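Single-structure report; data block below.
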Amino acid sequence: MIRVLVVDDHAMVRAGLTSLLEASGDIMVVGQAADGSEAVALAVELRPDVVLMDLSMPGTDGVTATAAVLEELPELRVVVLTSFSDRARVTAALDAGAVGYQLKDGEPATLLAAVRAAAAGHAPLDPRVAQVLLPTKGQRAGDGLSSREEQVLRLVADGLANKQIARALGISERTVKAHLGKVFRELGVADRTSAALWARDHLV
């Protein structure tokens, strides 16, 4: 069973999501939270496999809660479920460590598939969300990389593992993962092998 924590400030939404998830047969809702701070506390207490995280909530928002909960539980899989698909919110959520981003007007079956994909170690992005992350016209892949992200990419190309990169740059392994997530999205690749190949072709 995939253990899920549902986070949304609307009771009706939480109830609907819980009914949908529990009817699947392989997903169990272990808790519900109405805001970000409650989500962090419950996640630490319940240790779910996946958190379905709303973004717009009173008090602690979903982006802040995502970063906070992953600080406590780095292996937790957070999937954002929201009505917003603008680039700024998507980027903020993914940079905070969310592995997936789904929209509330999507199909129920798509959400179930996203939860299963996240639990299996994948990164389920709604196609409309993936579209907003593509480079804008006139911008080339890699143009948006920061100097730190380029450093991480170079070390990936040299064959270093995340732990070795963290040690070499004096940062945490979780920070390395966050940088790599941004690098993958910026380059439009899905894994470190593809990123390394891109680096060897484009970085002098």
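The values are calculated or read from the model by the stated rules, or taken from the named source; none is laboratory data. A quick note: this is a predicted structure, and the numbers were derived from the prediction, not measured. When we count neighbours, we look across all protein chains shown, and the Cβ atoms used for this are built from the backbone with ideal geometry, even at glycine. These area figures cover heavy atoms from the full protein model, side chains too; ligands, DNA and RNA do not enter into them. Shrake-Rupley method; radii C 1.70, N 1.55, O 1.52, S 1.80 Å.
Computed quantities for the displayed model
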read-out: Antiparallel bridge percentage (DSSP; both residues within the chain; nearest 5); value: 0 percent
read-out: Residue-by-residue Karplus 3J(HN,Hα) for region 191-203, coefficients 6.51, -1.76, 1.60, Hz, glycine and proline x; value: 8, 6, 5, 5, 5, 5, 5, 4, 4, 5, 7, 10, 9
read-out: Test item: Cα-centred dipole of region 57-104, Lys/Arg +1 and Asp/Glu -1 on Cβ, debye; value: 260 debye
read-out: Size of electric dipole in the chain: Cβ of Lys, Arg +1 and of Asp, Glu -1, about Cα centre, debye, nearest 20; value: 700 debye
read-out: Accessible area of the chain divided out per residue, in Å², using a probe of 1.4 angstrom; value: 49 Å²
read-out: Within the accessible area of the chain (1.4 Å probe), percent carbon and sulfur; value: 54 percent
read-out: Estimated FRET transfer efficiency (residue 130, residue 167; beta-carbon r; R0 22 Å; 0.05); value: 0.10
read-out: Highest-first arrangement of 14-20, 33-39, 109-115, where packing means the average Cβ count within 10 Å; value: 33-39, 109-115, 14-20
read-out: Tilt relative to the chain, helix 173-187 - C-alpha long axis, 0 to 90 degrees, to 10; value: 80 degrees
read-out: Förster radius 30 Å - calculated FRET efficiency between residue 150 and residue 71 (Cβ-Cβ, nearest 0.05); value: 0.75
read-out: Options 1, 13, 156, ranked by Cα towards positive dipole end of the chain, top entry (Cβ charges); value: 156
read-out: When region 45-204 is reduced to its Cα atoms, the Kirkwood hydrodynamic radius in Å; value: 16.4 Å
read-out: 15 Å beta-carbon shell around residue 57, net charge (K/R +1, D/E -1); value: -3
read-out: Area of residue 185 that stays accessible when all protein chains are in place (1.4 Å probe, Å², to 10); value: 50 Å²
read-out: Listed residues 184, 84 arranged by accessible area, highest first, probe 1.4 Å; value: 84, 184
read-out: Ranked by how many other beta carbons lie within 10 Å on average, peptides 90-100, 170-180, 65-75 from highest; value: 90-100, 65-75, 170-180
